[in-house]
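Chemist: Sending over a structure as C-alpha cells; questions will come in a sec.
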Amino acid sequence: MLKFIPKQKKHLFQSIELAMIGLMVIFGSYVFSPRSAAAFSLDFLSPTNLDGQELFLTNEALANGYRSYGQLPASSDDEPVRTFYKIPMTAYSSEVGQTDSTPFITASGSTVRRGVVAANFLPIGTRVRFPDLYGDEVFIVEDRMNARYDKRVDIWMEETADARNFGIQWTTVEVF
C-alpha cells in the first residue's frame, strides 16, 4: 500500500502508525488492567498524595495480599448438620505428581498439615468428622480435588507410602 507514496510521506505515515500503536497500548492498559493503569497515573499526576493518605491506603491494600488471617472460626455445635453415608475416601501427600506446582499450599492458601482434607462438594472451611475411621477427630476442608471427583474426600498424609496404603475406603462423613 505504501509503495506508491513519496518517501517523505512514507515517514509521516510510519510516525503516525507508531503514535497510534502507542495510544492503543495506553488505552489497552486501562481496559485490561484498570487498577494498574490508575495506580500508574496516580503516581505521576498527584505528587502530593493528600499528605500521604493515598500512599498509606495503597500500601495497606497491598499488604492485604500477604497478611495471615489465622484459623477459621469453629462451630460450637456438637451435633452434625448433615451426614453422608458411604462416601469414598482416599489419601494424598505433598508430592508434585499428586498435587499442582505448589504441593504444600492448599486451595484455601494455608499450609498442609494433619487435619486437612480436600473435597469438592463441601465449602472450604467446613468442619467434618469421619467416625468410622478417626472417631471424634475433626478435620477441615481446605483443599480441592480434580473436578472429576465431585463426591469424594481426600485426606492429607505426610508420607506418600501411607497415602498409597490407605487406598480407597467407603466411610461416613459428618458435616458441622
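Chemist: How many nm is it between the label spots at Val138 and Thr83, if each spot is 7 Å from the Cα in line with the beta carbon?
Modeler: A separation of 1.8 nm, rounded to one decimal place.
Chemist: What length, rounded to one decimal in nm, is gained on full extension from Ile26 through to Val96, with 0.36 nm per residue of separation minus their alpha-carbon distance?
Modeler: Full extension of this stretch gives 21.2 nm more.
Chemist: For q values of 0.14, 0.15, 0.16, 0.23 Å⁻¹, compute log₁₀ I(q)/I(0) with the Debye formula on a Cα-only model of segment 82-175, without solvent.
Modeler: Debye intensities relative to I(0), on a log10 scale: -0.44, -0.50, -0.58, -1.28.
Chemist: Stretch Asn146-Ser15 to full length: gain in nm at 0.36 nm per residue minus the Cα-Cα span?
Modeler: Result for the pair: 42.0 nm of gain on full extension.
Chemist: In segment 125-147, whose amide N lies under 11 Å from the spot 7 Å out along Cα-to-Cβ of Ala107? List them in ranges.
Modeler: 125, 141-147
Chemist: What residues qualify as long-range amide H neighbours of Arg152, i.e. H under 5 Å apart, gap of 5 or more or another chain, H built at 1.01 Å from N?
Modeler: Asn120, Phe121
Values quoted throughout were computed directly from the atomic coordinates according to the rules given, and no laboratory measurement underlies them. In this text the structure is predicted, and so the values were computed from the model without any measurement. Positions of Cβ are backbone-derived with ideal geometry, glycine not excepted, and every protein chain shown enters the neighbour counts.
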